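This report concerns only the one structure given below.
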Amino acid sequence: MSEVSLERGRLPVAPSSERRSPLYRFLPSRSNPWRRPVMLETITWLYLLWSILPVGLAVLFSFNAGRSRTAWQGFSLRWYFIDPAGSVWNDPTLRDALFQTLKLAVITTVIAVPIGVIFAIGVDRWRGRLPAVFNFQMLVSFVIPEIIVGVALLFVFTQLTTFIPLGTPAQVIGLVTFQLSFPVVIVRARLLSIGSQYEEAAMDLGASPVQAVRRVLLPMLWPAIFASAVLVFADVIDDFVIVRALSAELSSETMSVKIYNGARSTATPALNALATIMLVISIVAVVLGFFVYRRMTRDDNLGGGAALDQFAAQL
Amino acid sequence: MAEREAARAAPKRPARGVLYPRWLWPAFATPGMLWLALFFLLPLYVVLSIAFGTLDPVFRSPIPVWNPLNWDPSQFQFIFGHLIGDAGFFGPPMLRTFAYVIAASLVALVVGYPVAYFVARFAGRRRVLFLVLLLAPFCVSYMMRMLAWVNLLEVDGLVNHTLGIFGVTPVAWLSGQPITVVLGLVYGYIPYMILPLYAGLDRIDNSLLEAARDLGAGRFSTFRRVTLPMSRPAILTGLLIVSLPMFGDYFTNDLLSGSPRTSMLGNLINTAVSTPGEAAEGAAFVLLLFALLIPPMVYYARSTSRRSMVEA
């Protein structure tokens, strides 16, 4: 987009506006191809306002001193930890939800990312029909409704076998199944751009195939692996359908399930506080992830914008 | 001397083309393939055998039938028998699913396209700021975004207060209003629409647009005859990415309406699965949803994998 601003400086485009009415700058002028697209910019800002304001208000009301989620009664941290019964920290069900969410996010990331990375390498290099089928399935799982995976696994764990109990074990299995496509697709995209010449060079120099993968390919993949780990972690924190379908007792319900259960019934700002904590965890994970990612890829000569573009392209 | 050295070293180096042992890549892929076979493909078969299975006559619990030759289609007869007519209680939710999903996807496209277009073409130096703002909703969980609207739309919420200033009587937005559900779906899924649109529009070569202008096309006709056709794949990807998950959505409806007047296919599945004795019906609905979405999912996966090949 920098071309646009460059061109704008170079071309003598704007006719002198003195003879025209003051409304000139708001009226479309066919002679100026680089005029500011006022309409588009307005739509964009309205959209951003619409997308961010409601969430901002929900965050604001998590600091409400009263019980209302709609009328402001003063600032307080009451619903975070001060209130002896109803605050996130003092209500055992809400606090359990917080820890369950983090537990699932960590375990799922630790399992899904390694399996996904070696799967991506294997599927990328192994030519044939079987890997093609699985590669296809990875892409499908980006658009498949989660409820299909959730309900199917629920039937497995209740009708087919019972040795994997509902609750954390079943939830982790469901989440890993659903999240596997992140590392696979991201790492594969990186593999395609790396090509195979570096490994071949390593093996020409005497490395065994496994050494070539471990000492040449893997270091080049670290940024992609890291980005996918951040995405899996942040996505598991927000997951709802699978976690709810495969939950057992109350303590295995995560923050998003608590919000779903409570949004229309028990109305205290503690729910907003819980949601705000989720939000902060996600933001910290993604922002930290972005800066580490940029550090890892600083040799690729990416500016802030380009790095963000690339990071965004992997979402 | 050097030749003899080389001859001794030579056998160690595998010949070109057979650099890797044959088992190496399959071995890498095995854990992932096993996982998916066990926890993705097998579960789908379990759904099949429950949907085509029988019911325990006393406890009404489903008895899966593993052998396809003995499958019993009565669940599907039951569902298809109640699509239309006097007892057609499954018909309206089905139709509603299509109507809501199509409406919400199109609104998301109509709102999202100008935004993506602006950020891709005109944001200039502020592009990073806009990108951060467009990505922000991805950090906010879906449930929180719905909770935010529940707070705003309650009868004594901010929306009714604001409308009250203009003399509008309070509206019960959260009890079975189709418009609330559709706009809720738009709000929930539109970030997933904007991102592929942005990526697609950003890829369009600026010089093509300049050429169109040089050849005399106005701003609008440049858009209509160059930009729009070139962004068609991105539009299609965006529509698929938002509409397919919407078909299985039940939580948006539950949070923003909770009324059977707006229930969708996802709600039918959720209700059936959580009602004792209706698990088989839930399985049948899941299969129906899956079968319905196979063609668009396959189309999506094929076009995406082909595009990534072209880019590489």
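Each value in this text was obtained by applying a stated rule to the coordinates, not by laboratory testing. Just so it is clear, the model here is predicted, and its values are computed rather than measured. Glycine gets a Cβ as well: all are built from the backbone with ideal geometry, and neighbour counts include every protein chain shown.
Quick rundown of the values:
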quantity: A:Ile148, B:Ile204 arranged by Cβ crowding within 10 Å, fewest neighbours leading; calculated: B:Ile204, A:Ile148
quantity: Nonlocal amide H pairs with B:Leu55, under 5 Å, H built at 1.01 Å; calculated: B:Ile63
quantity: DSSP-assigned coil residues among chymotrypsin sites (Phe, Trp or Tyr not before Pro) in the stretch B:151-198, each with at most 16 further Cβ atoms within 10 Å; calculated: B:Phe166
quantity: For chain B, built as a Gaussian network whose Cα springs stay under 10 Å, the top-fluctuating residue of B:Leu152, B:Leu34, B:Leu289; calculated: B:Leu34
quantity: Cα gyration tensor category, rounded, prolate or oblate, for the stretch A:153-296 with a/c compared to 1.5; calculated: oblate
quantity: Cα gyration tensor shape of the stretch A:80-204, rounded if a/c is under 1.5, else prolate or oblate by comparing a/b with b/c; calculated: prolate
quantity: Per residue convex hull volume, Cα atoms of the stretch A:54-146, in Å³; calculated: 147
quantity: The protein assembly as shown, helix-only ellipticity at 222 nm - DSSP H runs n ≥ 4, -39,500 (n - 2.57), divided by all residues, nearest 500; calculated: -21000 deg cm²/dmol
quantity: B:Ile102-A:Phe136 pseudo-label distance in nm [points 7 Å out on the Cα-to-Cβ vector]; calculated: 2.8
quantity: Given chain B, longest segment not containing exposed loop trypsin sites (Lys or Arg not before Pro) (DSSP; at most 11 other Cβ within 10 Å); calculated: B:23-312
quantity: Using alpha carbons only: equivalent-ellipsoid semi-axes of the stretch B:176-229, gyration tensor based, whole Å; calculated: 34, 14, 5
quantity: Compactness of the stretch B:91-274 as Cα Rg over 2.2 N^0.38 Å, two decimals; calculated: 1.21
quantity: Where Rh is the Kirkwood radius over Cα pairs, Rg/Rh for chain B; calculated: 1.11
quantity: Rg/Rg_ref, the protein assembly as shown, where Rg_ref = 2.2 N^0.38 Å and atoms are Cα; calculated: 1.07
